[in-house]
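The structure appears below as structure tokens.
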Amino acid sequence: TMTLAAPHLNPVVALLGRRLRLAVIGGGPGSFIGPMHRQAARLDDRYEIVAAAMSSDAQRSVAAGAQLGLPADRCHPDALTLMAAEAARADGAEVVAIMTPNDSHFPYAMAALEHGFDVICDKPMTNTLAEAAQLREAALASGRVFCLTHNYSGYPMVRQARAMVAEGQLGDVRMVQVEYVQGGRAKPGPGRVAWKIDPARGGPSLVMGDIGTHAHQLLRFVTGQEVAQVAAELGCVVPDRTAHDFAGALLRLDGGARGSFWVTQAAAGVENSLRIRVSGSLGTLDWHQEHPQVLGFKPLDAPAQTLTPRGPGTLPLALRSTRVAAGHPEGFPEAFANLYSDAAEAIAARRAGQAPDPLALHFPNAHDGWMGMRFVDAVIRSSDSGGAWTAA
């Protein structure tokens, strides 16, 4: 019998009697990843954002915190000030989420652990191997939770793939192909986020730090194996570029499987094509991020299967990660959130005596509800009349 997950039950509140108090560092105005972190923190109502230091510029940092609706004494000019102030409060933040440029992940995460915070940190964890080793040891010694946001491992069907491999449904893993192909840097120039091409801030390899770490983590997550050896090529395919925009490698995994790895940000026209294929002695799994609710499974000597969240064969690890009913695709919660956001803008404009943004007025309203019930009534009347044409 399939046991359904219960995301509406809040285990944090059950354990603590309240939400966790979260401070956010970075992710200020103009950031793409900052809103993603904050929305993720609030989606299941397990965190309350209580403090912020959102920019390297002190004035912008305080202003951005105020834009979140935080009181003035919780809008901090910089990350280190935030940590000292929040650690000293009885009602201070308990968890710090770091979403700053790569070069500050290490010092901020180390400071957060030293102040006693649990840590959520954007990837890559650090810019250098030495820093990563030091931070790993500090996290283990602290006893605190350290979460690195390789977000693709949160997809239900990626977790389904991991569980199927772990259960032995693929048999012995023999081959793995992973690729992460983007086109955002197909044109010459620094791109939208200029700091990423500076090795001092973005790390020694742009493409590897930005998306190569995602592809590597996905391979490890799904297969449960480590990469033992690589035969790699790394470089630039766009003329006059110095920051790496391409990497390819043949892989040998510690469990004996062979693999291939390909990442680039210079594939013109491609959007966000992360894909993994795992072949074992009993079958093959195939997952593509641009169609995340589908996991392909081709068992040996049996018909191909298409697995979906909450569909037949869904395993507990995937069920835990699925918020919506069977047949509802990824994005369903976000569509709900769009209605809430549009209605909130209309409500705020009405209360302020101002005209709302016309683009915020596309949510269904009472007229739509009336039209819906008119249709229901017409269908009933038509059916009662033997299927006669009936005005709606």
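Is any helix in the chain, taking whole DSSP H runs, at least 24 angstrom long along its axis by alpha carbon and on average at least -1.0 on the Kyte-Doolittle scale, and which ones?
Helices passing the filter in the chain: 332-352, 366-384.
Rounded to the nearest 5, what is the percent of antiparallel bridges among the DSSP beta bridges in the chain?
Numbers: 37 of 63 bridges.
In the chain, approximately 60 percent of DSSP beta bridges are antiparallel ones.
Starting from the Cα of Lys187, draw a straight line to each of the aspartates and glutamates and keep only those under 13 Å, dropping any in the same chain fewer than 8 residues away.
Output for Lys187: Asp240, Asp245.
Just Asp240, Asp254, Asp286 to compare: in a GNM of the chain, with alpha carbon springs under 10 Å, which one fluctuates most?
The residue with the greatest mean-square fluctuation here is Asp240.
Calculate one ³J(HN,Hα) per residue across region 235-241 by plugging θ = phi - 60° into the Karplus curve 6.51 cos²θ - 1.76 cosθ + 1.60, and present them in order as whole Hz with x for glycine and proline.
x, 10, 9, 7, x, 6, 9
How do the peptides 346-358, 147-159 rank, highest first, by the average count of neighbouring beta carbon atoms within 10 Å per residue? Provide the component values of the computation, followed by the final result.
Working: 346-358: 10.8, 147-159: 19.1.
Top of the packing list down: 147-159, 346-358.
Rounded, prolate or oblate for region 132-188? Axes are the square roots of the Cα gyration tensor eigenvalues, ordered a ≥ b ≥ c, and the cut-off for rounded is a/c under 1.5.
oblate
Find the Cα radius of gyration of region 153-316, compare it with 2.2 N^0.38 Å by division, and give the number to two decimals.
Working: Rg = 17.0 Å, N = 164, 2.2 N^0.38 = 15.3 Å.
Here the answer is 1.11, to two decimals.
Under the rule a/c < 1.5 gives rounded, and otherwise a/b versus b/c splits prolate from oblate, where does region 333-384 land using the Cα gyration tensor?
prolate
Which aspartates and glutamates, on any chain, are close to Lys123 with Cα under 15 Å apart, when same-chain ones fewer than 8 places away are left out?
Excluding near neighbours in sequence, the set is Asp103, Glu131, Asp210.
With a/c under 1.5 counting as rounded, go ahead and sort the chain into rounded, prolate or oblate using the C-alpha gyration tensor (a ≥ b ≥ c being the square roots of the eigenvalues; past the cut-off, prolate if a/b is larger than b/c, else oblate).
Oblate, because a/c is 1.5 or more while a/b does not exceed b/c.
Read-outs: derived from the displayed coordinates by stated rules, not from any lab. It should be emphasised that the depicted structure is a prediction, and the values quoted were computed from it without experimental measurement. Positions of Cβ are backbone-derived with ideal geometry, glycine not excepted, and every protein chain shown enters the neighbour counts.
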